[in-house]
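Data first, discussion second: the structure below is written as structure tokens.
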Amino acid sequence: MTNHEIAAVFDQIADLLEFQGANPFRVRAYRNAARTIHDLPESAADIAADPEQSLDQFEGIGKDLAGKVATLVETGSLPMLKELLAEVPESVLAILRVPGLGPKRAAILYRELNVASLDQLREACRSHKVRELKGFGEKTEDAILKGLDIADQADRRILWIEADRQVQEILGFMKQCPEVKNIAAAGSYRRGKDTVGDLDFLVVASNADAAMDHLASFDSVESIIVRGKTKMSLRLRSGLQIDLRAVAAESFGAALQYFTGSKEHNIVLRGRAKSQGLKINEYGVFRGEDSVADRADKDRLAAAGTAAHAIAGRTEEEVYAALNLPCFPPELREARREFDWAEAGDLPKLVELSDIRGDLHTHSTWTDGAATIEEMAAAAGERGLKYIAITDHSKRVSMVGGLDAQKLRRQWAEIDLLNRRLRGFTVLKGIEVDILERGGLDLPDDVLAEADWVVASIHYGQQQSRERITRRVIEALENPYVSAIGHPTGRMLLQRKPYEIDLEAVMKAARDNGKMLELNAHPVRLDLDDVACAMAKGFGVPIVISTDAHSPDGLDAMRCGVQQARRGGLTAADVANTHEKWSDLICRKP
Ligand code: DGT
Ligand code: CA
Ligand code: CA
Ligand code: ZN
């Protein structure tokens, strides 16, 4: 059992206990344990099985929980979870995950209206029964309806970072199979889409059955959905679907191209092939109305033989080259601008992780970060960065002890001292200043004027009208001391919709005031999204890719941000924090 699966069990227990109205401390104990286990650098199952070690050495895991992990690892289940699940209908679990509905409210809906599934919840909202309940009202009902759309999606899709974890695990596992000669992950995962529906793998194997048998023996497999001679679909215990196809080495490039997609990109590609008198499919590129190509379609088993007649197929490069096209980076394959760019011969050279020189949105123990300023600086240096901005929260975010002017100046004095000791690395004096609900910023201008870098963000008043939120953000952009807007749409993937905001107006204001917009790289946010990044480029507004790290590990989110920027077609020149010297990217209206 993986750490992730163990953590999911503990989280589920916490949900169920909370739904039942259990003691909050007990609920929190399970949540903390879930988080600790999820973040463990080594396998909890291995530690539990090792008589020399004990899990209770880790924070938040006592003897009782360590014992539960051992039971879970040994038997694959927990009596306690089974008992809880017997008490609560399982369909209720999905309700607990609806944004805007905590376990407490879900319990009221269950008790008062007998709502025990997402469908029943939607029905209760549509017939306006929910708004009649004490403490709910019309607004809550609307919010639940919106949340239901997201919950539906969360049931079906996962975050890219989650997909990546799973993909790496499966690739490692499949490479242990001696019959597997080559393997790659395709689909939306390879295109770096922010959420992923299922995982698509291609293998070249000396024996396709052996490769499929091997995958079927993967630890987290729940069931085989279908299995044929060269393809198989299965479901993991997490609910994720895995598609595996075995292809001949001569067709590997063609199959990788085809199954990377997107579907829309492939449709354009097929049309272009046709207009050049060619035919393209997952086996290769074929000349003319060659019947060989048609046979390849009909008789997939003959793939290895027929592909020999193909003019391209072994690599993606040769497949695209046969159609007179460059081998598009997977992130661009969405049938947006890529074919026009290729036509004009100016496919952008996309930004890469190694282009990034600094991180301009990070937190420290001064507010809700887990590491000191010095630790964050050291971790950034280890990752090859030249500068970071420490941008802790301002006082409006009182929950995490947001900084007032006095504390902030004390923090900056500490940063000055630290910078005197650091060589070849700079810590910028920054702040993530809240854009207040009523408009205006959470700190006075004379304080902001002393900062090296000011990120202005909305955390409160996200339900306001499009006009008001847009106004607040534009006002912030007009403040001479603001450098960039943080997570500009406030979305949380699979959890929370973006707030209503007129991005076009925001981008115009950013351009006119010489300001930047953040691409928050946190895998749950990825905000701005790919389309908005492309839009910013169109307006000539620089993007700053920032991790919003709350710990050293959080800095590793940069790769997710870079991937999203690539999907938006951004080059190193479009991304501000590729500048070698931080002083070059400070853009303020004179
Ligand atoms: P997902 O899984 O929903 O995140 O998105 P994808 O893009 O991974 O979609 P998926 O798994 O259904 O299919 C993988 C790729 O296979 C897709 O990107 C393109 C290719 N493909 C699938 N079905 C079709 C189709 O009907 N026509 C074409 N041209 N390509 C297809
Ligand atoms: Ca897929
Ligand atoms: Ca698929
Ligand atoms: Zn923030």
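No lab work stands behind these numbers, since they all come straight from the coordinates. This is a predicted model, so every value here is computed, not measured. FYI the Cβ positions are ideal-geometry reconstructions off the backbone, even for glycines, and counts take in every protein chain you see.
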Relative contact order for the chain, counting Cα pairs under 8 Å that sit 6 or more residues apart, in percent: 9 percent
Quick one: how many lysine pairs in the range 3-153 have C-alpha atoms under 27 angstrom apart, if they're 8 or more apart or on different chains? 11
For the range 486-507 and the range 535-559, compute the distance between their C-alpha centroids and round to whole Å. 15 Å
Lysines whose Cα lies under 24 Å from that of LYS175, excluding same-chain neighbours fewer than 8 positions away: LYS229, LYS231
Positive minus negative residues near THR365 (Lys, Arg vs Asp, Glu; Cβ under 14 Å): -3
Using only Cα atoms, locate the centre of the range 173-217 and the centre of the range 340-391, then give the distance between them in Å, rounded to an integer. 31 Å
Take the Cβ-Cβ distance between ASP39 and LEU85 as r, set R0 to 35 Å, and report the resulting FRET efficiency rounded to the nearest 0.05. 0.85
Which value, in debye to the nearest 20, describes the size of the charge dipole of the range 158-246 about its Cα centre when Lys and Arg Cβ atoms bear +1, Asp and Glu Cβ atoms bear -1, and nothing else is charged? 260 debye
Among the lysines, which have Cα under 17 Å from the Cα of LYS274 when same-chain residues fewer than 8 positions away are ignored? LYS263
Projecting each Cα onto the charge dipole of the range 3-153 (Lys/Arg +1, Asp/Glu -1 at the beta carbon, about the Cα centre), which of ASN3, ALA143, LEU78 comes out farthest on the positive side? ALA143
7 Å from Cα along Cα→Cβ at both GLN53 and SER127: what's the point-to-point distance in nm? 5.4 nm
Ranked output for segments 264-272, 536-544 by mean other Cβ atoms within 10 Å, highest leading, reads 536-544, 264-272
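Classify the chain as rounded, prolate or oblate from the Cα gyration tensor: take a ≥ b ≥ c as the square roots of its eigenvalues, call it rounded if a/c is under 1.5, otherwise prolate when a/b beats b/c and oblate if not.
Taking the square roots of the gyration eigenvalues as a ≥ b ≥ c, the chain is oblate.
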Computed over the Cα atoms, what is the radius of gyration of the range 353-584 divided by 2.2 N^0.38 Å, N being its residue count? 0.92
Please report the antiparallel percentage of DSSP beta bridges with both residues in the chain, rounded to the nearest 5. 45 percent
In Hz, Karplus ³J(HN,Hα) per residue of the range 571-585 (6.51, -1.76, 1.60; θ = phi - 60°; x = Gly, Pro): 9, 4, 5, 7, 10, 5, 7, 9, 5, 5, 10, 5, 5, 6, 10
Cα gyration tensor shape for the range 128-262, rounded if a/c is under 1.5, else prolate or oblate: prolate
Put +1 on the Cβ of every Lys and Arg and -1 on every Asp and Glu Cβ in the chain; which of VAL69, THR571, TRP341 then has its Cα farthest towards the positive end of the dipole? TRP341
With +1 on each Lys and Arg Cβ and -1 on each Asp and Glu Cβ, and nothing else charged, work out how big the dipole of the range 3-153 is about its Cα centre, in Debye to the nearest 20. 860 debye
Packing-based order for 467-479, 556-568, using average beta carbon neighbours within 10 Å, highest first: 556-568, 467-479
Using the crude model of +1 on Lys and Arg Cβ and -1 on Asp and Glu Cβ, and no other charge, please compute the dipole size for the chain relative to its Cα centre, in debye to 20. 1040 debye
Can you tell me how much longer the chain between ARG272 and ASN114 gets when fully stretched, taken as 0.36 nm per residue apart minus their C-alpha distance, in nm with one decimal? 51.3 nm
Quick one: net charge around ARG420, please, counting Lys, Arg +1 and Asp, Glu -1 for every other residue with C-beta under 13 Å from its C-beta. -1
Segments 30-38, 501-509, 18-26 sorted - mean Cβ within 10 Å per residue, highest first: 30-38, 501-509, 18-26
